[in-house]
Amino acid sequence: MNLEQEIFNVLVQAGSQGLKLEKIVRHVYNSCNSIFTPLDYKYVYGFVSQYLIKNSKNPSSIIEKGKGYGVYRINYKSSAMQQLMLDFSSASMQKEEDDCENSKQSQELDLFGN
């Protein structure tokens, strides 16, 4: 899995409070490391810290520094994040409508086909 995408997933799951750098690195390392693609912890730590520092400096970025030392969180005020939230919400609404239609059709089916 892509490390940048995994960083984003971890921060989204953390919510508005955010997480410390060490915990973000640990989550990314554990989710991306496997038997077939082993990763070095120092490499992941360096990549994640550089990525977060670089992206948190821009005020319109998706990532911002949180309160406290080494805490990062999602910037919900950025236009890119608002666009992502709109895209995901419309996709989830469409999925819910499809699920509702499928459940109605399955309820209408007759056991003996009469």
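Annotations for the structure displayed:
- Flag if residue 88 is part of a loop (DSSP other than H, G, I, E, B), modelled with pLDDT under 90 and either more than 18 Å from residue 7 (Cβ to Cβ) or under 21 Å from the mean Cα position of the chain (by Cα) (or both): no
- Of the residues making up region 18-41, those that are under 22 Å from residue 73 (Cα atoms) and over 17 Å from the mean Cα position of the chain (by Cα) are 22, 41.
The values are calculated or read from the model by the stated rules, or taken from the named source; none is laboratory data. Keep in mind that what you see is a predicted model, and the values were worked out from it rather than measured. Note that we place each Cβ from the backbone using ideal geometry, even for glycine, and neighbour counts take in every protein chain shown.
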